[in-house]
Amino acid sequence: MAPRTADQLNQLRTRRKTQIIQAALEVFIEKGYDAANVADVAQKAGVSQGTIYHYFPSKDDLFWAAYEAWEVQSLYGEIQQALDASQSPTEQLRALAKIVGERMKQAAAMLPANVEFWSHLPRNESVRRGFQRLFATMRGQLAGIIRDGINQGEFIEVNVEETASLLIAAFDGLILQWLADPQQVNWPSISQTLSHVLLRGLKTHTNSTKTQGDSHE
């Protein structure tokens with residue numbers, strides 16, 4: 001048998017890594033972050049623990065890769081498509097809230113493990129750096145929309161970074177409320193309510209009449 005080419009080896013590594021990440025997702029959803037271990041993932045993926053550690057040095061790295069693949073990367077692609085199709089910053093914020101609300105509903109099985117992972121923020125530097133990158137990306141995208149709204153005369157002057165942080169914090173707080181009482185958080189509906197309230201506060205006086213006519217479903 002002829003030796004594999006570099007391209008074939010790269011394809012094999014990509015397939016194996018994807019296989020491990022998918023197995024990790026299933027294990028973390030089933031057991032939660034704290035109860036799951038690398039041996040569980042190796043068994044689910046049909047590989048050795050050594051193979052897991054070849055791709056992911058720690059359980060934290062494995063969870064972060066699974067989280068990014070399942071939630072972050074696919075979500076950002078969906079958001080970018082919606083933003084590209086929107087005609088104004090106001091429409092972009094509405095579209096973003098709708099997509100995040102729908103994704104939260106779809107992501108319900110992963111949220112408990114996600115919150116467990118949050119608990120490692122104060123004492124795990126790699127986890128903290130990962131969330132710093134994540135929040136920086138989220139803040140940057142939101143702040144850019146809000147800044148465009150100000151420049152185009154749709155929104156009042158605000159600190160765009162702080163406003164973006166507040167919007168992110170609202171969804172994180174809703175996750176905790178959902179964990180405590182899932183029946184009290186209807187993700188699609190409450191996301192639209194949040195965007196409606198935010199837009200009412202951001203609208204300039206010249207746009208207030210239009211805002212008053214807005215409704216949410």
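The values are calculated or read from the model by the stated rules, or taken from the named source; none is laboratory data. Keep in mind that this is a model prediction, so the values were computed, not measured. Cβ sites come from the backbone with ideal geometry, for glycine too, and all protein chains shown count toward neighbours. When the accessible area is computed, the model is the full protein with side chains, heavy atoms only, and any ligands, DNA or RNA have been set aside. Shrake-Rupley method; radii C 1.70, N 1.55, O 1.52, S 1.80 Å.
Observations
- Residue list for segment 113-134, filter: buried (at least 16 other Cβ atoms within 10 Å of the Cβ) and closer than 19 Å to Lys31 by Cβ: Ala113, Asn114, Val115, Glu116, Phe117, His120, Val127
- Test: Ser119 is touching a helix residue (DSSP H, G or I) at 6+ places or on another chain (Cβ under 8 Å) and among the hydroxyl-bearing types (Ser, Thr, Tyr): no
- Of the candidates Leu96, Leu111, Leu62, Leu83, the single residue that is at pLDDT below 90 and under 17 Å from Gly32 (Cα atoms) is Leu111.
- Only one of Thr193, Thr137 that is surrounded by 14 or more Cβ atoms within 10 Å (Cβ to Cβ) and hydroxyl-bearing (Ser, Thr, Tyr): Thr193
- Test result for Ala42, under 23 Å from the mean Cα position of the chain (by Cα) and not polar (S, T, N, Q): no
- Any helices (runs of 4 or more DSSP H) falling wholly within segment 1-60 and containing at least 3 residues that are open to solvent by less than 20 Å² (accessible area, probe 1.4 Å): 6-31, 38-45
- Pick from segment 156-173, criterion without any contact (Cβ under 8 Å) to a residue 24 or more places away in the chain and part of a helix (DSSP H, G or I), ranking: surrounded by the most Cβ atoms within 10 Å (Cβ to Cβ): Val160
- Test: residue in segment 83-100 that is open to solvent by 40 Å² or more (accessible area, probe 1.4 Å) and hydrophobic (A, V, I, L, M, F, W, C): yes
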